[in-house]
Amino acid sequence: MELLTFDDSTALAESAAQMALQTIKDGLAENERVTWILTGGRTPGAAYRLIAGQPDVVDWSRVNIGMGDERCVALDDSESNWGQAERDLLRHLPLTAENLLKPAGAVTAQEAADHYEVLIRDLPQVSPEIPRLDLLWLGMGEDGHTLSLFPGLEEIEEANRLVASVYNSPKPPPQRATLTLKAMRGVKACHILVSGAGKADALGKALSDAGNSHLPVARVAREIESQGGKVIWFVDKPAGAKL
Ligand code: 6PG
């Protein structure tokens, strides 16, 4: 586990953008194709826009792009993670439909999960049933959730599916589809972007407890590392105040 601390969210975004591009380039040096799973929420927007401003650094024709979790709303809805990524990043890159693992949008959580399970399962695998996710971006909520895996909800314990349905997300909208802990087993590099004073308590808990935190973000990070994946936390000073 590596912790990078930045003076502010702008410096965090600049570093996260550069590290993402470098990680993708490194992956393309070893594999015909690379998969980048994006995160939703507000935090990644500045980094997405920085990457959108330098579209020639990476051969995007060889990059699959997906979303770690998605709300069950229309993809052009302001609440859609995919819609946000499309506006800030995807429409600015030389991508075609073949590159995009596009969520289902305004369907039920189970339909969304079933749709995405098929897309994720068809990616190149590191072992039977486990797709290779070369780069996973994550955010973290003030309760220590990540993806749409929330403290106390059952989806964190899903052990058979790669994508789970969520019907009662405490963070609206309530219905979502989310990658599961099982899907984390194929993650090669995970960059967790945490910004703002509101995250300080949860981050302090997630990175303390001698590595035994039960917060979803901590469990996801441990699962990735248990399989040899590299986790880097990108934290600005306000979020890191309790470290
Ligand atoms: C979502 C996100 C979620 C997000 C955190 C942090 O669908 O809401 O995937 O896991 O990353 O809630 O969100 P902010 O970056 O907006 O604080």
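Under the combined filter of DSSP loop state and at most 14 neighbouring Cβ atoms within 10 Å, the range 35-122 retains these trypsin sites (Lys or Arg not before Pro): ARG42. The ellipsoid equivalent to the alpha-carbon distribution of the range 29-167 has semi-axes of 23, 19, 14 angstrom, derived from the gyration tensor eigenvalues as √(5λ) and listed largest first. One Cα centroid belongs to the range 174-243, the other to the range 95-142; the line between them spans 19 Å. Taking chymotrypsin sites (Phe, Trp or Tyr not before Pro) across the range 157-243, the ones in a DSSP loop with at most 16 further Cβ atoms lying within 10 angstrom of their Cβ are TYR167.
Considering only DSSP beta bridges where both residues belong to the range 93-243, give the percentage that are antiparallel (nearest 5).
Expressed as a percentage, antiparallel bridges in the range 93-243 total about 40.
Short-range pairs are left out: with C-alpha atoms under 8 Å and at least six residues apart, the relative contact order of the range 10-59 is 56 percent.
Taking the DSSP beta bridges with both ends in the range 52-179, the antiparallel portion is around 90 percent. Considering all different alpha carbon pairs of the chain, the Kirkwood hydrodynamic radius works out to 17.6 Å.
Extension gain for the segment SER226 to SER61, taken as residue separation times 0.36 nm less the Cα-Cα distance, is 56.3 nm to one decimal. Summing charges over neighbours of GLY141, with a neighbour being any other residue whose Cβ is under 13 Å away from its Cβ, gives +1 when K and R count +1 and D and E count -1.
Net charge dipole, the chain: roughly 220 debye, given to the nearest 20, about the Cα centre with Cβ charges of +1 for Lys and Arg and -1 for Asp and Glu. The GluC sites (Glu not before Pro) of the range 1-76 that meet both conditions, a loop assignment by DSSP and at most 16 other Cβ atoms within 10 Å of the site Cβ, are GLU32. What residue among ALA197, ALA85, ALA104 has the largest mean-square fluctuation in a Gaussian network model of the chain, using Cα springs under 10 Å? Result: ALA197 has the largest fluctuation of those listed.
Each reported figure results from applying straightforward, stated rules to the coordinates on display, with no laboratory input. Note that the structure is predicted; figures quoted are calculated from it, not measured. Because the Cβ atoms are built from the backbone with ideal geometry, glycine has one as well, and the counts that use them run over all protein chains shown.
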